[in-house]
Amino acid sequence: MSAAPSQDEAAFDQLALLAARICATPMAVVALAATPRQGFTASVGLTPAQAPQAAALCALAQDGGEAPLVVQDARSHPLLAHHPLVRGAPHVRFCACVPLFAPEGQALGTLAVLDRVPRLPDPAQIEGLRILAQQAQVQLALRRQQRQLTQLVHERDAMHAQLLAQSETLRTSERQYRQLFDDHPQPMWVYERHTLRLLAVNRAMVEHYGYTEAELLRMGMDELWLPEDRERLAAEMASIDAAQLRGGITRRHRRKDGSVMDVELSAGAANFNGVAARQVLATDVTQRRSAERELARLGRAQRLLSACNEALVRGTSEPAMLQAICQIAVDIGGYRMGWVGLARDDEQRSIEPVAHAGYNNRYLEALRLSWAEDQPGGQGPAGQAIRSGQPVIVQDIRREPAFQDWTERMLEHGFHGVIVLPLRDGERSFGLLYLYAPEVLAISPEEIALLQELSTDLAFGIVSLRARREQQRLQASVLKVAAAVSASTGTEFFEQLVHNMAEALGAQAGCVARLLPTPTGQPARAVTLALSVDGTLLANTEYTLAGTPSLHLLEQRQHVVAQDVARLHPDAPVLRRLGAQGYVGQQLCDADGEPLGLIFVLFRQPLASPDFVTSTLQIFAARASAEIHRQLAEQRIRHQASLLDKAQDAIIVRDLEHRILFWNQGAERLYGWTRLQVLGQSIVSLLYDDPAAFLRATQLAQEQGEWTGEITQRHRDGRPLDVEGRWTLIPGEDGQPPSILAINTDISQRKATEREIQRLAFYDALTGLPNRMLLMDRMHHALANAQRHHQGGALLFIDLDNFKTLNDTLGHDKGDLLLQQVAQRLNTCVRAIDTVARLGGDEFVVMIEQLSAQPHEVAIHARTVGEKILSLLSAPYTLASYQYRSTPSIGIAPFHGDGASVGELLKQADLAMYQAKTAGRSTLRFFDPDMQAVVTARAGLEADLRAALAQDEFLLHYQPQVNHAGRAVGVEALVRWEHPERGMVSPADFVPLAEETGLILPLGRWVLNTACKLLAQWRGDPDLAHLTMAVNVSSRQFRHADFVDDVARVLAVTGAPAGRLKLELTESLLVEDMETTIATMEALRAHGVGFALDDFGTGYSSLAYLKRMPLDQLKIDQSFVQDLLTDPNDAAIVDTIIGLSRSLGLEVIAEGVESVEQRDLLARAGCRFYQGYLFSRPLPTDALEQFLRDRI
């Protein structure tokens, strides 16, 4: 590989090999100027005779500058086109050269990579060449230092020999050498090789290390090392060859004063007064290493900040988000442990850790921290950070008095420094981020600023998440209240009320109670109407209010206990059972303000938002008061049985056979039937279209003695009636059978009002579309479903252009007509699962959901809907007698359940809409510029693809297939697209598009025809006639009705031998219609065509079908070959595929083989055919023929 004059040049051989691997080229060369002491050439992929010519090739192309030179195609280069290595072997087409310079600016040589195919390297490969060039220059500098040191040693030995001959001359030379040694500006010393004892030191070493010369000469070199490095360095020193020259070695040494410095050492063998020794030259690089470490810390801090911000954006749960932040601090920030604590307002003002990551080992559980200055746990950095609101940094815990009792334990855990970052909301610190560093901190102002930014972002993320959670909670409460308003009456009503109330407020218990009449001098008592504890309803019971917080509700409308309510009222059983901390109660009053009862909720935790709880509880209290008042009124009605006929409600008595026995005037007014008309009649036939609900209610009344609820009945004129019934089973007297007393209240108006309230609350009055509140609720559900089911969707924000002008010119009534017609048209543009909403004014929103998880597919679907809306809304409108034209501007914001909030999504769509306005109106824009670019790029690529077929822009490259002996046995035809402006377009970009658009059919026919032409040419060449041609066939092409005829026609026209044509099919094609697939294959087999199953192992092939199919070959997918050496599962899969092919009598070929090790492992497993970069890249036709003739 190398023409280097000594073993020292092996490093340059490695550099050449590494350059070839980085740039994926078969050839590389490191050439140095031919100076008397330095000239040599190291190369890979070149013969010894070609290596100097390659160096001359690069030197010919260089212009003297320091920048890398890239020649895409040497045949087109004016200076290189006629070079022997270009015109002849190895036929160089591409080269990239980086010049090498000495620190003084002198040109030293060139580092270059070469390839046989034209190409352009990517920026990462050029940067890799730069780095390797710098490494080469460092190696050259090291060689120069080593030669200087060797020369110094030789001069010393020469002087020593001369001294033996002439003692006076020896003494003179010794003094001169000693003077050179002592006066050298860098520390130098000589040590005994076996004992490491220092034998000689110069003045620079004395000055740098702080010891006297006498002290140093009593020391061993290992005493300069740090204690933690000694064992490792001693073993390393023992393994060094006696004559080995070493340079560029970086070590940490400790001075006499204990300070640590970084030194770079060069060492060589020496003979000191007959003792085997080594002489060392040291350079202080402390400042340079410090700067490098500082840059590394800053980079790590920036990565930490970026990763944390990403976690904050994606966070939907506060505990999960805080845990992720701690884990990132450990994984990316390099901290030994990190935890987040929240400042509590309890008696001790404690700091409670709520999330942590890293090495803990019960350390965190032992902490008792406080943010109170007068508490023992509040004296350390945590308390200081909370109180001051400023970061607290302890660089070395051994020097911090607050850690005096914890120093030993912290060091055992590997904690050497701490950073405490307060989390602030405005002027208040509500928590902290506590980080433990595994080394003593040396932190710069820039890193502190980044960490402060991290704490600010984290605090903002927590506050935002809590605000979003509070908003969701408020919306849930509104929905719960709406549900409670629509609930039934009686016992079921109160049970449902306390359940909804506790759930909406996040309470662990809820209760509604009615006050009982209290005799004078007796304690106040109440009876529970519904009591729920942890979601379980308890039996109703009477109890005394004394000893409970509810006693205050006899005198005041509201009573709140923020914390310790169970401790303040130890005799209250429900509080004691629950361990309650917080209590909120509300007095229930009648219309005159007289107390009827009370309602309260209990919390296990101290109240965090008492205002929210009290305001929401008032809504439930109003509904409970109304129901208690209604029940008391009903009791009074029953008590006044003599006045039944004068009651406003319908009062009916019927027997158990449903015959009507009593019918008051209220019933006559409600139902339209007179008493004489209904007595003795069946109530079922008179009042019910469907008696099922009536029969169920009657059965409950008979079983339980009463029934209360809502039921739908029928008026005499046929219209439906909503009534609230309170039915009571009345025992018969004097042996009479029982009957049922029904008091039915007409609630049709109330139900209509409730429906109207529901409509007004959630629907736009003008258009009937969902309003903002309902849209927000549906968006919450859509985002949650998108995240849960990994789906996408889009929000389309629509604004009517020039709507204000219409209102100003034709009037608001015409504007209202336009809005109504727009709403009707929008509803025709979407699916049933999508939502069309009006936000207000002329602003509409369309939300489409349950789309693909692929962003580009979401963008395409959203654009299709948007363009449909643009077309429909731009058509003329008839507004009374006016013909009017209007256009919309549409902004589109895709979503994928990735943590974006509803508000953020609306803002994104709104911004995109304004971009559409700015672009000239009557158009649409995507919020995400990348998504807009995807849609535009796809449309442009499709247009170019259609033109490419007409303009013959496609070409075929061929990747050789070889056997175990390295001989070519065939090729695979691979389509390429050389666009005049885009350059080479990746098949991964245009082949799927061709599949989607149907262009794969003409493209596939062109590929098959072109490949068969080449196969026909080989037929007349004895050297190439045995080769096979593999052509990939798409599923759409294979399923086409004319595919068999197309293949036969191509074979006939081109004259290609059918037996040498091999069609490669994918496994996915086989599972679509297996019987049709086999029939098509058999028809082609009749023509002599062979088949290979491509990407085998990635699909769902059935073994039963495999045996039936006329296959010739299985192709192992490159995904299994890639990790063959590292993943046992992939190795097992490959063994299985090879064994399966052997049992089926099929050939097996492995694709994607890139290393000799992969090939050898495949060969041992029984695979005898290969394809991959180890043998050749895909080649154009001219390069292919030369390759094949070389491998015949």
Could you work out the relative contact order of segment 7-145? I mean the mean sequence separation of Cα pairs under 8 Å and 6+ apart, divided by the number of residues, in percent. 25
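For segment 962-1121, what class follows from the C-alpha gyration tensor (a ≥ b ≥ c being the square roots of its eigenvalues): rounded when a/c is under 1.5, otherwise prolate if a/b is larger than b/c, else oblate?
rounded
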A chain fully extended from Thr1136 to Leu120 at 0.36 nm per residue, minus the present Cα-Cα distance, gains in nm 361.8 nm
For Asp952, Asp910, which order do you get if you count the other beta carbons within 10 Å of each Cβ and list the fewest first? Asp952, Asp910
Listed peptides 210-223, 747-760, 433-446 by packing density, highest first (mean Cβ within 10 Å): 433-446, 210-223, 747-760
Relative contact order for the chain: what is it in percent, counting Cα pairs under 8 Å that are at least 6 residues apart? 4
Might you report the magnitude of the Cβ-based charge dipole of the chain about its Cα centre, with Lys and Arg at +1 and Asp and Glu at -1, to the nearest 20 debye? 900
Tell me the angle of helix 1000-1019 to the major Cα principal axis of the chain, expressed in degrees between 0 and 90 and rounded to the nearest ten. 30
Can you tell me the Rg and the Dmax, both Å, for the Cα atoms in the chain? 44.2, 155
I'd like the Karplus ³J(HN,Hα) series for segment 889-905: coefficients 6.51, -1.76, 1.60, θ = phi - 60°, whole numbers in Hz, and an x wherever there's a Gly or Pro. 10, 10, x, 10, 10, x, 9, 9, x, 9, x, 5, 7, 4, x, 5, 5
In percent, how large is the relative contact order of segment 849-888, given Cα pairs closer than 8 Å and 6 or more residues apart? 26
Given +1 on the Cβ of Lys and Arg, -1 on the Cβ of Asp and Glu, and no further charges, what dipole in debye does segment 763-927 carry about its Cα centre, rounded to the nearest 20? 240
Ranked Thr1080, Thr712, Thr520, criterion: other C-beta atoms within 10 Å, fewest first: Thr520, Thr712, Thr1080
If I histogram all Cα-Cα distances within segment 179-312 using bins 5 Å wide from 0, what percent of pairs lands in each bin? 2, 9, 16, 21, 18, 11, 6, 5, 4, 3, 2, 1, 0, 0
Checked against the positive end of the charge dipole of segment 855-935 (+1 on Cβ of Lys and Arg, -1 on Cβ of Asp and Glu, about the Cα centre), the farthest of Ala909, Leu924, Gln883 is Gln883
Report the extension gain between Arg399 and Ser685 in nm, rounded to one decimal, defined as 0.36 nm multiplied by the number of residues separating them, less their alpha carbon distance. 93.5 nm
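For Val313 and Ala141, what is the calculated FRET efficiency with R₀ set at 41 Å and r taken between the beta-carbons, to the nearest 0.05? Walk me through the intermediate numbers first.
Working: r = 47 Å, r/R0 = 1.15.
After rounding, the FRET efficiency stands at 0.30.
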Give the angle, between 0 and 90 degrees and rounded to the nearest 10, that separates the Cα long axis of helix 286-314 from the longest principal axis of the Cα atoms of the chain. 30
Fraction of alpha-carbon pairs in segment 644-754 farther than 20 Å apart, rounded to whole percent, equals 35
Return the distance in nm (one decimal) between the two label points of a simple spin-label model at Arg203 and Met219, each offset 7 Å from Cα along Cα→Cβ. 2.0
How much length is gained on full extension from His856 to Ser1119, taking 0.36 nm per residue of separation minus their Cα-Cα distance? 92.2 nm
About the Cα centre, and with charges only on the beta carbon of Lys, Arg (+1) and Asp, Glu (-1), how big is the dipole of segment 184-284? Nearest 20 debye, please. 160
Expressed in nanometres to one decimal, the distance between label points 7 Å along Cα→Cβ at Leu872 and Trp1006 is 3.9
Whole-number value, in Å³ per residue, for the convex hull of the alpha carbons of segment 1093-1192 is 114
Under the 7 Å Cα-to-Cβ spin-label approximation, Thr150 and Gln379 lie apart by a distance in nanometres of 6.5
Quick calc, Leu568 & Ala647: beta-carbon distance into FRET formula, R0 41 Å, rounding 0.05, result 0.30
Placing +1 on the Cβ of each Lys and Arg and -1 on the Cβ of each Asp and Glu in the chain, which of Leu1162, Ala89, Ser455 has its Cα farthest towards the positive end of the resulting dipole? Ala89
Please grab the % of Cα pairs in segment 976-1037 that end up more than 16 Å from each other. 57
Using alpha carbon centers only, segment 97-150 is separated from segment 686-726 by a whole-angstrom value of 95
Per-residue Cβ neighbour rank within 10 angstrom, fewest leading, His154, His83: His154, His83
Using the Cα centre of the chain as origin and beta-carbon charges of +1 (Lys, Arg) and -1 (Asp, Glu), tell me which of Leu1014, Gly983, Met1029 is placed farthest towards the positive end of the dipole. Leu1014
Compute the long axis of helix 855-873 from its Cα atoms, compare it with the longest principal axis of the Cα atoms of the chain, and write down the angle in degrees, 0 to 90, nearest 10. 50
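Every number here is computed from the coordinates shown, using simple stated rules; none is lab data. Computed from a prediction, not measured in an experiment: that's the story for all the values here. Quick reminder, even Gly has a Cβ in these numbers, built from the backbone with ideal geometry, and neighbours come from all protein chains shown.
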